[in-house]
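Remarks on the structure that follows.
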Amino acid sequence: MGMRILPEVTPATASFWRSGADGKLRILKCADCAQFVHPPAPSCPFCMAGKLSPEVVSGRAKVITFTLNHQRWSPLDDAKVPYAIAVVELDEQKDLRLMTNIVGCAPENVRTGMTVRVTFEKADDVYLPMFEPC
Amino acid sequence: MAKSAVIGAGASDIGRRLNRDPMALTLESCTRAIEDAGLKREDIDGVAAYPGNIVAPVGYGGPQISEVQDALRLSLNWSSSGLESTGQLGPLINAALAVQSGICNHVLCYCTTWESTAQGLASKSGVKPVGDRATGQFAFMLPFGAHSPANWTALYAQHYFDEFGTTREELAQIALTARANAGKNPKAVYRDPLTLDGYLAAKMISTPLSLYDCDVPVDGSIAVIVSRADAARKRPALEIESIGCAMRGRPSWVDFDDLSTMAMRDAGKMLWEKSTLKPSDVDVAELYDGFSIFTLFWLEALGFCKKGEAGAFIRDGKRIALDGALPLATGGGQLSAGRLNGYGLLHEACIQLWGDGGERQVKKQPKVGLVASGGGPFAGCLLLQRA
Ligand SMILES: [Zn+2]
């Protein structure tokens with residue numbers, strides 16, 4: 001894709017945005033109740049007790065919805081359209097979701113329910129987690 | 001104590017690329033609303049604004065309250081504005097509460113937008129983060145080319161279509177109904193007839209939403225006066241019979257628990273929990289159509305039909321037409337009359353309840369009107385009853 005708007009990297013989100021450096025996806029996990037927490041939070045919203053630390057996950061997920069964007073939203077935007085934006089649910093936990101792009105297949109072939117795996121796109125100082133069919 | 005009520009309303013000129021100062025538009029709507037209520041500016045002791053002056057998106061906000069206060073030389077007990085509220089109607093809901101609490105008698109509420117002119121000046125659109133990088137929840141959305149609320153909403157629309165088998169032909173009825181009504185509203189911005197074929201042939205924006213599923217940026221300002229019902233002078237009071245503004249799910253586009261509805265699920269439920277009226281009592285409904293799919297979600301959230309059945313409910317458009325059992329978007333909605341952030345819909349509900357709709361007036365004089373605004377993690381609704 002063309003010029004992307006990149007995320008601000010904060011102390012709380014750095015482990016997520018820099019995780020892809022070794023090709024692995026990491027999500028914060030609670031040491032007490034073992035729930036994954038995303039987006040990153042300062043404390044575990046499930047038990048309000050445990051310490052959260054980045055944990056490597058499988059990178060496998062399922063598309064729970066998607067859209068093919070056909071519109072150029074800015075004259076500066078040189079992205080090839082259409083491209084597929086999706087919300088995926090990671091295999092590790094119900095409702096553990098990421099917004100992402102589905103890559104590695106024609107956008108027209110993206111479907112709700114398809115199984116996908118993570119792949120990273122490096123952009124400046126972040127590794128954006130994208131997903132491709134598996 | 002008497003309920004809070006809308007006792008006057010005013011609209012500025014509304015249109016595409018008016019190239020008018022947003023402050024001038026605001027003073028136009030505000031002075032008209034004050035006059036419509038039979039008040040003088042000395043009577044106004046509170047101001048509420050959506051969203052007030054904000055940096056981005058460009059043109060989305062209007063003048064800040066202090067500018068309006070000074071321009072009208074108002075003497076205020078209370079004021080409130082901002083985005084961090086229960087939908088676009090949040091500041092107006094706050095105004096109703098301020099009146100109920102007794103700290104104000106007459107609150108001037110306004111919403112001004114000049115997105116059309118601002119976008120022309122900036123020659124760009126869509127949400128832009130302030131600064132170089134996306135922050136907050138947008139940090140997890142914008143990097144994936146999901147620049148616009150159209151994209152975020154399309155993800156919900158596709159989820160709903162996948163779950164319930166709703167079709168674009170069914171969804172089209174929202175845009176077609178709005179356009180048919182706009183044809184009878186001289187102030188609507190898009191009044192040319194729209195056919196189903198025209199709808200289906202339009203440019204795709206973000207599947208399954210196409211051009212006519214997206215509202216149109218305009219310049220304009222709406223103002224209403226919120227007071228106690230027994231303080232109404234010129235107009236019959238439109239009592240705020242009930243307010244729905246609950247948010248019981250996670251306040252997030254990505255993480256809301258059900259991607260086939262939105263925050264309106266909770267706001268709609270609360271509206272009826274707080275009222276003795278029921279959906280069948282509603283004579284006219286002005287439901288937010290920033291994107292057409294929002295209207296389907298509102299219909300279900302407000303109990304006009306069951307979850308997943310909104311497509312069938314609107315299928316041939318007859319039920320929601322001006323002469324149907326539940327007229328929607330009687331002035332053209334935001335799809336054809338312009339993006340006034342829910343306040344155009346509120347204004348139209350007032351016009352209908354006062355019987356001033358002219359060619360587009362619902363024939364059997366409406367007594368109960370429903371106004372709902374918001375999409376995504378942002379929702380609020382009002383039940384208005386003519387005294
Ligand atoms: Zn925990």
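The values are calculated or read from the model by the stated rules, or taken from the named source; none is laboratory data. Since the structure is predicted, the reported quantities are computational estimates derived from the model, not experimental observations. All Cβ positions, glycine included, derive from the backbone under ideal geometry; neighbour counts span all protein chains shown. Accessible surface areas use protein heavy atoms only, side chains included; no ligands, DNA or RNA. Shrake-Rupley method; radii C 1.70, N 1.55, O 1.52, S 1.80 Å.
Some observations on this one:
- Count of residues meeting criterion [outside any loop (DSSP other than H, G, I, E, B) and either open to solvent by less than 10 Å² (accessible area, probe 1.4 Å) or over 15 Å from B:Gly145 (Cβ atoms) (or both)] in segment A:77-96: 7
- Residue in segment B:75-90 that is in a helix (DSSP H, G or I), surrounded by fewer than 23 Cβ atoms within 10 Å (Cβ to Cβ) and touching a strand residue (DSSP E or B) at 6+ places or on another chain (Cβ under 6 Å) present: no
- For segment A:53-90, a residue qualifies if it is among the hydrophobic types (A, V, I, L, M, F, W, C), within 8 Å of chain B (Cβ to nearest Cβ) and free of Cβ contacts under 8 Å to residues at least 24 places away in the same chain, and the qualifying residues are A:Trp73, A:Ile85.
- Count of residues meeting criterion [away from the ligand (no atom under 13 Å from the Cβ) and assigned to a loop (DSSP other than H, G, I, E, B)] in segment A:39-76: 11
- Pair list, Cβ < 9 Å and 6+ apart or interchain, from segment A:37-52 residues that are within 14 Å of another protein chain (Cβ to nearest Cβ) to residues that are within 6 Å of the ligand (Cβ to nearest atom): A:Val37/A:Cys30; A:Val37/A:Cys44; A:Val37/A:Phe46; A:Pro45/A:Gln35; A:Phe46/A:Cys30; A:Phe46/A:Asp32; A:Phe46/A:Cys33; A:Phe46/A:Gln35
- Being facing another protein chain (nearest Cβ under 9 Å) and acidic (Asp, Glu) is true of A:Asp95.
- Of all residues in segment A:47-85, those being in contact with a strand residue (DSSP E or B) (Cβ under 7 Å, 6 or more places away or on another chain), at pLDDT 95 or above and small (Gly, Ala, Ser) number 4.
- Residue in segment A:21-33 that is away from the ligand (no atom under 16 Å from the Cβ), more than 20 Å from B:Arg250 (Cβ to Cβ), open to solvent by 50 Å² or more (accessible area, probe 1.4 Å) and modelled with pLDDT under 95 present: no
- Within segment B:165-197, the only residue that satisfies the criterion of being in contact with a Gly (Cβ under 6 Å, 6 or more places away or on another chain), open to solvent by less than 80 Å² (accessible area, probe 1.4 Å) and of a type in the set (D, E, K, R) is B:Glu170.
- Scope segment B:149-164; condition within 7 Å of another protein chain (Cβ to nearest Cβ) and open to solvent by 10 Å² or more (accessible area, probe 1.4 Å); matching residues: B:Gln158, B:His159, B:Asp162
- Unique match (being within 30 Å of A:Asp124 (Cβ to Cβ), part of a helix (DSSP H, G or I) and not aromatic (Phe, Trp, Tyr)) among B:Ala175, B:Ala118, B:Ala146: B:Ala118
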